[in-house]
Amino acid sequence: MKLNGFIVDSLISLLKVPAYIVFLLFCTACVSTNSKIQVTSSAIDDPKYQPVLDKWRKSASTYRDLDLIIKTSAVLISPEMDESYRNRFIDIHGNQAKFDDKIILTKDTISIVVDLFTKSEAHLDLTDESLWKIHLIINGVMIRPQSVDRYRKKELLSPFFPLSSSWSRYYVIVFKLPVDILSGNEAKDLFDKKEVSSSLPNPQDRTIVLSMNSGEAQVKFSWEP
């Protein structure tokens, strides 16, 4: 009888071991998940990312009488913004995750992430060239976008670029021009001079201006790299 009791006690002890191991694994997974949730919190709560985002994010609102017509913001992906975006992207998605080529800097393109809300649903379509005229003005040169793409999956951008409104749409505007221009190189040395208009800013002006014009309103964002 004592032998049988010993065997039963031993079996119970052995059964407790895998249960304990499973519990430890479960708790470890919980810690990992909680850590992930902290990383993917709002960009404005990230102490490293938020100051850089504030520097390169510009916002604007247009009213007619007391009615809100347009509410929008734009983030210039400068070298500093690009680095912060990459670091936060890796924190959230891991080292193996693939960056979106239209957002990060390349040697011959510059991107601007725009979120847009308009009272008129028709004017929400920033890709419609009959409604919107978009230009980048830098060092006295006006450049048209290479592409304007809508991001339909807001969850892909919201951890990095907060929306101005829950009804806003995301767009990524890409301009084909050397990224060196953000480091102080003269645009006039990089583009055909016949594109330059005397009505544009002085060539020595380092301000970068994104101009968005529609029948509803005109919006301008400016940065000084």
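On the beta carbon distance between residue 91 and residue 67, with R0 = 25 Å, the FRET formula returns roughly 0.05.
The listed peptides 109-117, 61-69, ordered by packing as a protection proxy, come out as 109-117, 61-69 (highest mean of other Cβ atoms within 10 Å first). Percent of Cα pairs in region 43-223 per distance bin of 10 Å, from zero to the largest separation: 9, 37, 36, 17, 2, 0. For residue 125, no residue has an amide H sitting under 5 Å from its own, ignoring neighbours fewer than 5 places away on the same chain, with H placed 1.01 Å from N.
How far is it, in nm, from the label point at residue 99 to the one at residue 59 when both lie 7 Å from their Cα along the line to the Cβ? Each label point is offset 7 Å from its Cα along the Cβ direction, giving 2.7 nm.
Any read-out appearing in this document is the output of simple, stated calculations on the displayed coordinates, not a laboratory observation. Predicted model only: the values in this text are computed from it and were never measured. Note that we place each Cβ from the backbone using ideal geometry, even for glycine, and neighbour counts take in every protein chain shown.
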